[in-house]
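Colleague: Just dropping this structure here.
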Amino acid sequence: MSNPYTGIVVSALRKSELLLQSLEVREAESNPLLQAALLEGTLLQLWRAHRAFLAEQGHQLQLGFKPAGEPDTALRLQEMAAARGKFSAEVAELVGLEENPDSWFNAMARCWQGLWRPAGGAQESGAANSGVRTLIPLRQLDSSFSASLDSESLRHWHRQLNELVVRQRAQGQEW
């Protein structure tokens, strides 16, 4: 039985690699919008590869979820597997990466989440949610988000994710 997510992982990793190559070629250009598009596009493909890899692991565990029910985190995948009485060392490793604040994955996830925050890093507050309007954007000071998205970080994340995928697939084939 072939895994329908394997091709998505490979495709997203390859697209991120091509975007990184384009970024290297165009780094000398002084078009900040193009640079931002390539950086964000690379991060999008890395995130897409990660999410598809979670689904690939779930498929390997025969969790039988529908595409709309794919796990969005490794912890969710682990919970889904545990609910069916299954365990996977590979999924446990992915959970460890998510939970470790110093891991490469955690840094990538913070950057990904940072792309979806309101402009200027403003956070929704309880006051804003209760209908009270404020002109001063609020920022969570204990947040560890780092807005620095750079090509070196992306290269590192690509390398780490690619190595993780290759290693875990090899371990899975041994069984």
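The values are calculated or read from the model by the stated rules, or taken from the named source; none is laboratory data. These numbers were taken from a predicted model, which means no experiment stands behind them. Counting neighbours? That spans all protein chains shown, and the Cβs are built from the backbone with ideal geometry, glycine included. In case anyone asks, the SASA skips ligands and DNA or RNA and just uses the protein heavy atoms, side chains included. Shrake-Rupley method; radii C 1.70, N 1.55, O 1.52, S 1.80 Å.
Colleague: Can you work out the accessible area per residue across region 23-90, with the rest of the protein chains kept in place, probe 1.4 Å, in square angstrom?
Modeller: In whole numbers, region 23-90 has 55 Å² accessible per residue.
Colleague: Taking the Cα centre of region 1-122 as the origin, how large is its charge dipole in debye, to the nearest 20, when only Lys and Arg (+1) and Asp and Glu (-1) carry charge on their Cβ atoms?
Modeller: 400
Colleague: Can you tell me how region 1-72 classifies by the Cα gyration tensor, rounded, prolate or oblate, using a/c under 1.5 as the rounded cut?
Modeller: prolate
Colleague: Out of the chymotrypsin sites (Phe, Trp or Tyr not before Pro) in region 52-108, which ones are loop residues according to DSSP with at most 12 other C-beta atoms within 10 Å?
Modeller: Of the chymotrypsin sites (Phe, Trp or Tyr not before Pro), the ones in loops of region 52-108 whose Cβ has at most 12 other Cβ atoms within 10 Å are Phe87.
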